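This report concerns only the one structure given below.
Only the coordinates and a few stated rules stand behind these numbers; no lab work does. Computed from a predicted model, the values in this text were never measured in an experiment. Counting neighbours? That spans all protein chains shown, and the Cβs are built from the backbone with ideal geometry, glycine included.
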Amino acid sequence: MNDNMIKINVVEEDQREHLWAEKLEGNRAKVMNIPFMSRTVAFHDVVEYCPEHGTVMAVVGPSGLATAAAAYQGEKEEYKKLREALLPKGIMLEGMVAGLCSAAYPKSMSKKELEELIEENGAMLISDEEVKMGIRHQGNTKGCSCCGKNLGKKDG
């Protein structure tokens with residue numbers, strides 16, 4: 001792994017997600033994997049983070065991508081087919097566990113268009129509510145321990 005790679009934490013409402021990012025100058029980093037739960041931070045966004053705790057404070061350079069979650073039937077072969085079918089449409093996937101993946105898609109694409117493309121390929125979009133209800137990370141969701149800020153709460 002690249003020496004410039006760091007782990008950052010995205011805290012939104014009552015969810016926490018750990019992401020890999022490429023360290024840039026100062027306390028900025030470029031998100032290098034597709035979030036599963038976060039709808040505020042996307043693949044290749046440049047973020048500002050707390051250098052002491054790695055908590056994302058703000059998106060300072062949007063990538064133009066949005067994030068969604070999808071479910072599919074099967075194992076590696078089905079995921080590979082889905083990924084290969086969607087990539088030419090500008091949709092990138094990142095596998096999590098068999099049957100679940102996160103998707104990065106252009107913000108210019110409507111959620112309805114994304115849903116149709118995913119369904120045409122035998123998978124289904126998971127609603128943001130389903131993601132919030134079904135996957136919760138135990139631990140600190142109050143934000144950065146040194147300043148108390150997170151993406152869902154602007155002031156300490």
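A simple spin-label model places the labels of residue 119 and residue 25 4.7 nm from each other, with each point 7 Å out along Cα-to-Cβ. Between residue 81 and residue 111, the modelled labels are 2.8 nm apart [label points 7 Å from Cα along Cα→Cβ]. Counting every other Cβ atom within 10 Å of each residue's Cβ, 119, 78 order from fewest to most as 119, 78.
Reported to the nearest whole Å, the Cα centre-to-centre distance from region 1-47 to region 85-109 is 17.
Rounded to the nearest whole Hz, the Karplus-based 3J(HN,Hα) values (6.51 cos²θ - 1.76 cosθ + 1.60, θ = phi - 60°) of region 74-80 follow the sequence x, 10, 4, 5, 5, 4, 4, with x at glycine and proline.
Pairs exceeding 22 Å between alpha-carbon atoms, taken from 7/30; 7/111; 7/107; 89/112: 7/111; 7/107.
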